[in-house]
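The values are calculated or read from the model by the stated rules, or taken from the named source; none is laboratory data. Since we're looking at a predicted model, the values are computed, not measured. Cβ placement follows ideal geometry from the backbone for every residue including glycine, while neighbour counts extend to all protein chains displayed. We work out accessible area using only protein heavy atoms, side chains counted, and drop any ligands, DNA or RNA first. Shrake-Rupley method; radii C 1.70, N 1.55, O 1.52, S 1.80 Å.
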Amino acid sequence: MKLLSVVFPVFAEDDTNLILMGRQAPGKRMPGIRNGFGGKCEEGESIEDCAVREVKEESGLELKKEDLRFIGTIVEGERRIYFYTVRLDSKISIADNDEMVDCRWFDVENLENYIREMLPGNEQLMREVARSLRSPNDFETFALDLSDNEALREATKNVFGKISRS
């Protein structure tokens, strides 16, 4: 099983939860696809250490493991992706780099402003992210199995190879 982590930095502005997402840079596996910050775990690396390392590599933001808030997992065939949010004290800007470009803040509740820039099937994920931010004290983590999502499999087959069915 391939393990990955994705972190969505969050900033509360008035009563609005903003999430920071970028597009994968040209030359990366999914150039132009909007997402949080993350990637594959290295051999022997914990999921949390992977999350902290990937955020640093892709944004320059230095986090501590204890700042991460686990919100759920997605299984896509042989891949398991762990999702986290991290609350920031300020609305930072991230310059384009070799990993991510066009990093912007989005109102997590307004899916129509960013969802078409993400991989197919992410609507359910982003609804879960929004729910986790609306009710942080009452939130139960999510576990989604997207192994049979045809649109996702089609969109990623040339990127990750065939996603096998469970």
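Here are a few things to note about the model shown:
- Compared with the direct C-alpha span, the chain from residue 138 to residue 75 gains 20.3 nm at full extension, assuming 0.36 nm per residue.
- Projecting the Cα positions of 60, 71, 35 onto the charge dipole of the range 23-75 (unit charges on Cβ atoms of Lys, Arg, Asp and Glu, taken about the Cα centre) puts 35 furthest along the positive direction.
- Summed over all non-identical Cα pairs, the Kirkwood treatment of the range 1-92 gives a radius of 13.7 Å.
- The fraction of accessible area contributed by carbon and sulfur in the chain is 44 percent, rounded to a whole number (1.4 Å probe; ligands and nucleic acids excluded).
- Principal axis extents of the Cα atoms in the range 50-111, from largest to smallest and rounded to whole angstrom, are 33, 29, 25.
- Set of aspartates and glutamates near residue 65 by C-alpha distance (under 17 Å), chain-local residues within fewer than 8 positions excluded: 42, 45, 48, 49, 54, 57, 89
- Length available on full extension from residue 104 to residue 92: 0.36 nm per residue minus the Cα-Cα distance, which gives 3.4 nm.
- In the chain, Cα pairs under 8 Å separated by at least six residues give a relative contact order of 27 percent.
- Among beta bridges identified by DSSP and lying wholly in the chain, the antiparallel ones come to about 65 percent.
- Which label in [x] 42, 32, 28; [y] 42, 37, 29; [z] 43, 35, 33 gives the computed Cα extents along the principal axes in Å: [z]
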